[in-house]
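To keep things clear, I will list the structure first and then write my remarks on it.
The values are calculated or read from the model by the stated rules, or taken from the named source; none is laboratory data. Here the structure is a predicted model, which is why all the values come from computation and not from measurement. As a convention, Cβ positions derive from the backbone with ideal geometry for all residues, glycine included, and neighbour counts pool all protein chains shown. Each accessible area value is taken on the protein alone, full model and side chains, heavy atoms only, with ligands, DNA and RNA left out. Shrake-Rupley method; radii C 1.70, N 1.55, O 1.52, S 1.80 Å.
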Amino acid sequence: MTAAAGKRVALVLAGGELPLDHLLPALLSATGPVVAADGGLRHAARLGLEPDLLVGDLDSVTADVLAAHPALPVDRRPVEKDELDLELALAAAARLGATSARVIGAFGDRLDQSFAALLIASRRVMAEPAFPVSLHAGRHEGHVAAAGRRLRLSAAAGSTVSLLALAGDATVSTEGLRYPLERDPLPFGVGLGVSNELVGSQAVVTCHEGLVAVLLVLRSP
């Protein structure tokens, strides 16, 4: 699968865990540029992708993985840099014409990298609300909803949905969750929004004020 010219939804390959197999077909339906963030290049062969660009300091990508992509353009950065490779990859996806991005392998066994991925997506959405970023790994999925955004979720009934205010207090409404909210306050630093649940296969989260992380633990269909 390769990126088609003129399309808009980017795939960014990060170095964490791949989503579960049954989730991949929908995720790989993205129709924009494919950007590998350093060691995320190792996922390309497994996913049947030929990236349009490799970005990063290349401290995590092995020689044999690089050799499998001899014609791949590389934007190599110094090891001692201020940005994480994921930040660079998202910026590159936007430069290549994408208007949103799905990060495949967003989370792994390092808490700092996983938390950074969520905050990087949050900052991107705050700076460019029209450039949504979703995060995918294993059975986990993450989104960031800024004020005024209506986020539609699609997952198996019984999947866990947690809402966390990211930048001060937020105000949120939900549809399709077991414990509904209707313009209810979601204070920063509390667990009020944790461990809600999809009643059916569709739900909607609307952020009226603030910035909200929407985190899913997906059930198998």
- Query: On full extension of the chain, what length is gained from Gln202 through Val74, given 0.36 nm per residue of separation minus the C-alpha to C-alpha distance?
  - Reply: 42.2 nm
- Query: Which distance in nm do the two modelled labels at Leu192 and Ser220 give, with both placed 7 Å along the Cα-to-Cβ direction?
  - Reply: 3.7
- Message: In whole percent, and with a 1.4 Å probe on the protein chains, what portion of the accessible area of the chain is carbon and sulfur?
- Response: 55
- Note on the structure: Beyond 19 Å, the calculated P(r) of the range 1-146 holds a percent of Cα-Cα pairs equal to 46
- Task: Quick one: net charge around Leu18, please, counting Lys, Arg +1 and Asp, Glu -1 for every other residue with C-beta under 15 Å from its C-beta.
- Result: 0
- When the helix-only estimate is applied to the chain (DSSP H runs of n ≥ 4, each -39,500 (n - 2.57), divided by the residue count), what is the mean residue ellipticity at 222 nm, nearest 500 deg cm²/dmol? -5000 deg cm²/dmol
- Task: Express the relative contact order of the range 1-108 as a whole percentage, based on alpha carbon pairs under 8 Å and six or more residues apart in sequence.
- Result: 40
- Query: What list of whole percents do you get for P(r) of the range 86-221, with Cα-Cα distances grouped in 10 Å bins up to the one holding the largest distance?
  - Reply: 13, 44, 36, 7, 0
